[in-house]
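*Asks:* Please find one structure pasted underneath; my questions will follow.
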Amino acid sequence: MSDRAPCRVLLGLTVLSAVLSACGGASGSSPAASASGDGAAAAATLVPQVNVLSGASAQDSAVPQAQAMSLFAVAPMVLDTAPPVDAGALMLLLPDDQNMNDPRIAAWLDAASELGIRIQPVTDAQFMALGSAAQAYAGLILPDGLHVQASDALVSVVNDYTQQGGRTMLVFDFGALTTLNGTPVYPVPKSRLSGLAGVDYVLYDALRERTTGLGPVTALRSTLRTLQVPPGKSLPFTGIAAVNTAVTTSASTTTSTSTSTTANPLLSAARISDQSALYLPVSTSDAGGASGFDPQQYAALSYASSGTGTGTVQARSVSIDLGRAIQGQPVAKTTLSSLTSVMTVAAVAAADPVDAYNGYLLGPLIYPSYVTQGDFGTAPGQQVLATSPQFGLVAGVNPVGAGQVLFVNLPLTYLKGRTDALMMHGFLHHFARNMLGMAHLSAMPNGVAGMTLDWHLDSMAAQTPTNNLIKLNVFNDPQALFSIEMTAGPDAIKPGDRQGWNLLNNKKAQQFLKTFQTAGHSVGSHGGWIHDYYGINVSETNQLLSTNKACVNSLTRVDNYLQCLLMNRQAVDGVTGKAARSYSAPEGNNPLWAMDWLEKQGVVATYFGGHTGLGATRQYRDGQLLNPAIWVFPVTPAGLYATFEEFQNYKVPKSDITTWYHDLINFSVAQNTSRMVYAHPPGASLWSDVLKDMLAYAKAQGPKFAWYTMPRLADFMARRLAVTWSQSIDPASGQTVFSASHPAGLQEMVWRLPKTRYASAPVIVSGTATVDGSDAAFWLVKAGAGTQLVFRA
């Protein structure tokens, strides 16, 4: 294997406004005059400009190992006996010696819980002891990362289970290694599970350091929506760039000349082209090579620019560390497949473009997947869900005997632990709901879909725009409640600039917060006292270090970054008269120590730069679940950007943003989910027509849609965790019996049963609930206030 130095790429970005907030938009500055109308009239949409530095770093991309902690206490298993069969649960197959406190197990259990389904960990010995009884379970998950080594006997039993009618979700490097004289080795010539996947993969014997590629993931847009990817989190994929000179590869540099680099900023900077691909070296200690690239950096980008409000053009740069990735010639022969539409919620639009998973400011993101070979998609029953332009099949459904396999050629567990959970949740959703037709517990209060609009009040420059929005009645609708956070100090960009809200001495700002709270909105802290300065400078190591007088506590005379949080919180809480329960971080910069402190203060909900495109979730970060009492609300971007000031500065047409908001509302309703978008008053006031149109469109959805503050959803999700429920089959009638309980009451809980599987309306056996059949696809069992509920279907 190569010892080539890792690469770092630098993306230079041109920005047309003076002060940008990391919440992604302007820190209270007025957008450039050219953005005052529809951006299309002024110029075409601007995309990030790219400068490339390669071979700049010789250090490895060090990824912390998962630590042994879990919110879930899983009882020790009797390894050689079959577990009691739960007909409504998925099996998660684990090695016999698995530590059940491994946070990677919690990642799967948490994902299932948030999706409203249940997973039961099962060891190899237990699974083998089940025999044909395993067919009574809903399905089987073969996870990545947790079970890389598997015996031939286990592989045979998994094959038999699937052949006999089992539904199997096969993920990335499960069983990638076998043993030879007790030593882990790669099987020759391919994975022993290639027959289940439907393609040849883990081709280490032939490909060596090109076994695993690193590149974009593409799918039909309709498929991505089914996989829970919201509008804006995917963009049309324009293809891999063609180059007019050959790629030169050495131990320290990689160079190429591209004919077009503007459409795909990250791909262009990484020199991915038709003649150059990225690969992650593999070994028996990292069988898929995934840890060689850290996707957590997608969540750690700093988007701010500290300007002076003059409107001058300023350069922004975004660094992406390619870790241990190496460049090489693309593999000559990989799986070529035509993407298959699997849209289940609504009819597929006539235009169903190929999209790629997209990142804020970066364009198509890059992910590890094994190079695959062999035909896929032509056999009856095969479905091509996702592909790699250079490496073959990324996800597909393959019929095997009487059973079916969902092959996901992505390190889902690893990605979730590194703040990118959307793929795990999306593919698990598709497996459980669309392939298995499982009943599920809605993640929405009363089963009503919605969205969260999070307002960031960064600086004094937002005062007049905020007042304008109040006059436009943006905050007056009791059915449209928002989260609103303020940075309260007297300065904004640097100490002494007097551009901050100065909340303690600003009667108008105080009245804003009191008015918002009285109206029912959630009021909280936006960091750090001095918006841009805190967001740019705070780090994991400077909690107790001096801020150079930016945050000096007037009572204690203490000056450190913790005081920035403390003083901001005291100021906001002092005005509202109650402890804030929500928080957003300037620049999206949220060190772990800050999250720990916020959790201790009773904060239950925060804006979050990771897990983008996902609904409310918990903070998986550094390979583990952190701050379990806090629910994080990931940003949903509109392509490369996310907030009004960016749309204006980069000349995104108004019509595009109006359409995006409509599509996002439609997506939330169709998928019975919620997503978070955010805004600043300056940009929103300038495009108040777009804002008002979004609010009107949401209101037009009637009872199908609701606006949720972050604490409202966090409280519901926390209470929902205490629901226990199970399924069993009544042998006399063949019906499924559902039993549920909650120590304080089941109110607002709704079970959704697919009508394609449950033909007749559910019947309440005991407890308080109503059955609603108005949804075209699902029976809705809406629980009442009791603590126990039993129904059958």
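*Asks:* Restricting to region 762-793, give me the number of residues that are under 22 Å from residue 436 (Cβ atoms) and out of contact with any Lys or Arg (no Cβ under 9 Å at 6 or more places or on another chain).
*Replies:* 2
*Asks:* Residue check, residue 540 against (1) open to solvent by 10 Å² or more (accessible area, probe 1.4 Å); (2) out of contact with any Leu (no Cβ under 9 Å at 6 or more places or on another chain), all met but one. Which one?
*Replies:* It fails just one condition, (2).
*Asks:* For region 681-736, which helices (runs of 4 or more DSSP H) that fit wholly inside it have 1 or more residues that are under 29 Å from residue 581 (Cα atoms) and aromatic (Phe, Trp, Tyr)?
*Replies:* Working: elements: 681-686, 688-700, 710-720.
By residue number, 688-700, 710-720.
*Asks:* When you scan region 104-136, how many residues do you find that are in a helix (DSSP H, G or I) and over 23 Å from residue 614 (Cβ atoms)?
*Replies:* Taking region 104-136 and keeping what is in a helix (DSSP H, G or I), we get 104-115, 124-136.
Checking the rest, the ones that are also over 23 Å from residue 614 (Cβ atoms) come to 124-136.
Counting residues in region 104-136 that are in a helix (DSSP H, G or I) and over 23 Å from residue 614 (Cβ atoms) gives 13.
*Asks:* Would you check which residues across region 350-390 are hydroxyl-bearing (Ser, Thr, Tyr) and surrounded by fewer than 18 Cβ atoms within 10 Å (Cβ to Cβ) and list them? Outline the logic, then answer.
*Replies:* Within region 350-390, the subset hydroxyl-bearing (Ser, Thr, Tyr) is 357, 360, 367, 369-370, 372, 378, 387-388.
Within region 350-390, 378 is the sole residue that qualifies.
*Asks:* Now a separate question. Could you pull out every one of the helices (runs of 4 or more DSSP H) wholly within region 567-674 that has 1 or more residues that are surrounded by fewer than 22 Cβ atoms within 10 Å (Cβ to Cβ)?
*Replies:* Values: elements: 592-600, 644-649, 654-671.
In region 567-674, the matching helices (runs of 4 or more DSSP H) lie at 592-600, 654-671.
*Asks:* Looking for something touching a helix residue (DSSP H, G or I) at 6+ places or on another chain (Cβ under 7 Å) and either of a type in the set (Gly, Ala, Ser) or under 30 Å from residue 369 (Cα atoms) (or both) - is there at least one such residue anywhere in region 463-475?
*Replies:* no
*Asks:* Output the qualifying pairs, or none if there are none: Cβ atoms under 6 angstrom, residues six or more apart or on different chains, first residue in region 322-344 and over 17 Å from residue 209 (Cβ atoms), second residue open to solvent by 50 Å² or more (accessible area, probe 1.4 Å) and assigned to a loop (DSSP other than H, G, I, E, B).
*Replies:* Here the result reads 341/348, each pair linking region 322-344 to a residue that is open to solvent by 50 Å² or more (accessible area, probe 1.4 Å) and assigned to a loop (DSSP other than H, G, I, E, B).
*Asks:* Quick check, is residue 284 open to solvent by 30 Å² or more (accessible area, probe 1.4 Å), modelled with pLDDT under 95 and out of contact with any Gly (no Cβ under 9 Å at 6 or more places or on another chain)? Spell out the reasoning first.
*Replies:* On the way: open to solvent by 30 Å² or more (accessible area, probe 1.4 Å): yes; modelled with pLDDT under 95: no; out of contact with any Gly (no Cβ under 9 Å at 6 or more places or on another chain): yes.
Answer is no for this residue.
*Asks:* For a quick check of your reading of the model, give me the residue pairs whose first member lies in region 536-559 and is assigned to a loop (DSSP other than H, G, I, E, B), whose second is open to solvent by 80 Å² or more (accessible area, probe 1.4 Å) and among the basic types (Lys, Arg), with beta-carbon atoms closer than 8 Å and at least 6 apart or on different chains.
*Replies:* Sorted first by the residue in region 536-559, then by its partner, the pairs are 550/494.
*Asks:* Residue pairs, Cβ under 9 Å, 6 or more apart or interchain, first in region 742-754 and closer than 27 Å to residue 434 by Cβ and without any contact (Cβ under 8 Å) to a residue 60 or more places away in the chain, second part of a loop (DSSP other than H, G, I, E, B) and open to solvent by 20 Å² or more (accessible area, probe 1.4 Å). List them.
*Replies:* Short answer, once both residue conditions are applied: 746/768; 746/785; 746/786; 746/787.
*Asks:* What helices (runs of 4 or more DSSP H) completely inside region 413-521 contain at least 1 residues that are surrounded by fewer than 18 Cβ atoms within 10 Å (Cβ to Cβ) and either among the basic types (Lys, Arg) or modelled with pLDDT of 95 or more (or both)?
*Replies:* Working: elements: 422-429, 463-471, 507-519.
Fully inside region 413-521 and qualifying: 463-471, 507-519.
*Asks:* In the list 406, 393, which residue meets the criterion of being within 26 Å of residue 321 (Cα to Cα) and surrounded by 23 or more Cβ atoms within 10 Å (Cβ to Cβ)? Show your work before the answer.
*Replies:* Values: 406 fails: within 26 Å of residue 321 (Cα to Cα).
Sole residue among the options that is within 26 Å of residue 321 (Cα to Cα) and surrounded by 23 or more Cβ atoms within 10 Å (Cβ to Cβ): 393.
*Asks:* Within the group 139, 166, 195, which residue is closer than 30 Å to residue 328 by Cα and modelled with pLDDT of 95 or more? Steps first, answer last, please.
*Replies:* Working: 139 fails: closer than 30 Å to residue 328 by Cα; 166 fails: closer than 30 Å to residue 328 by Cα.
Sole residue among the options that is closer than 30 Å to residue 328 by Cα and modelled with pLDDT of 95 or more: 195.
*Asks:* Report, by residue number, each residue of region 751-793 that is open to solvent by less than 70 Å² (accessible area, probe 1.4 Å), β-branched (Val, Ile, Thr) and closer than 16 Å to residue 730 by Cα. Even if it seems obvious, please write down each step before you answer.
*Replies:* Of the residues in region 751-793, the ones open to solvent by less than 70 Å² (accessible area, probe 1.4 Å) are 751-755, 758, 761-762, 764, 766-767, 769, 771-773, 775, 777-784, 786-787, 789-793.
When the remaining residues are screened for being β-branched (Val, Ile, Thr), the result is 764, 771, 781, 787, 790.
Once the filter is applied, which keeps residues that are open to solvent by less than 70 Å² (accessible area, probe 1.4 Å), β-branched (Val, Ile, Thr) and closer than 16 Å to residue 730 by Cα, region 751-793 yields 764, 790.
The values are calculated or read from the model by the stated rules, or taken from the named source; none is laboratory data. Small disclaimer: the values here were computed from a predicted structure and weren't measured. With ideal geometry, Cβ positions are generated from the backbone for all residues, glycine too; neighbour counts draw on all protein chains shown. Each accessible area value is taken on the protein alone, full model and side chains, heavy atoms only, with ligands, DNA and RNA left out. Shrake-Rupley method; radii C 1.70, N 1.55, O 1.52, S 1.80 Å.
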